[in-house]
Amino acid sequence: MYVCLCKNITCGQIRSAIENGDAGNMRDLSQKLGVATQCGKCGRCARGILQDTLTQRSQNDIQIEQVSAA
Ligand code: FES
């Protein structure tokens with residue numbers, strides 16, 4: 001699904017940038033992908049994807065730590 005129509009950026013591209021470590025905040029997303037740098041209407045949606053992806057990644061890290069410690 002397209003999140004940023006001005007820059008043709010999809011939800012998957014945003015998630016990939018976060019999961020690859022290329023972006024960890026909105027400033028990174030703006031600099032790397034151009035999200036929210038034109039009309040700004042995608043900012044709220046992009047921020048939600050950012051927060052969800054970071055939360056999911058930290059939960060996965062905790063699960064990996066628990067498996068490694070077991
Ligand atoms: S929709 Fe993303 S800057 Fe316009």
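Derivation of every value follows stated rules applied to the coordinates shown; laboratory data play no part. All values reported here derive from a predicted model rather than from experimental measurement. Here the Cβ positions follow ideal geometry from the backbone for every residue, glycine too, while neighbour counts run over all protein chains shown.
Scan around V3 for amide H atoms under 5 Å from its own, H built in the peptide plane at 1.01 Å from N, and keep only partners 5 or more places away or cross-chain.
Under 5 Å from the amide H of V3: I9, T10, C11.
Could you give each residue of segment 52-61 its phi-based ³J(HN,Hα) in whole Hz, using Karplus coefficients 6.51, -1.76, 1.60 with θ = phi - 60°, and x for Gly or Pro?
These are the phi-based 3J(HN,Hα) values: 4, 5, 5, 5, 5, 5, 5, 5, 5, 4 Hz.
What number, in percent, do you get for the relative contact order of the chain if the mean sequence gap of Cα pairs under 8 Å and at least 6 apart is divided by its residue count?
Details: 62 pairs, mean separation 21.5, N = 70.
Averaging sequence separation for qualifying contacts and normalising by length gives 31 percent for the chain.
Any idea what Rg and Dmax come out to for the chain if you just take the C-alpha atoms, in Å?
13.6, 49
Tell me, which cysteines of the chain are without a disulfide-compatible partner by the Cβ under 4.7 Å rule?
C6, C11, C39, C45
Spelling out what I want: for every residue of segment 28-38, take phi, set θ = phi - 60°, compute 6.51 cos²θ - 1.76 cosθ + 1.60 (Karplus), and round to whole Hz; glycine and proline get x.
After applying 6.51 cos²θ - 1.76 cosθ + 1.60, I find 4, 4, 5, 6, 7, 10, x, 4, 6, 9, 10 Hz.
Counting only other residues whose beta carbon sits under 15 Å from that of D28, what net charge do I get with K and R as +1, D and E as -1? Let's see the in-between values first.
Numbers: positive: K7, R15, R27, K32, R47, R57; negative: E19, D22.
Local net charge: +4.
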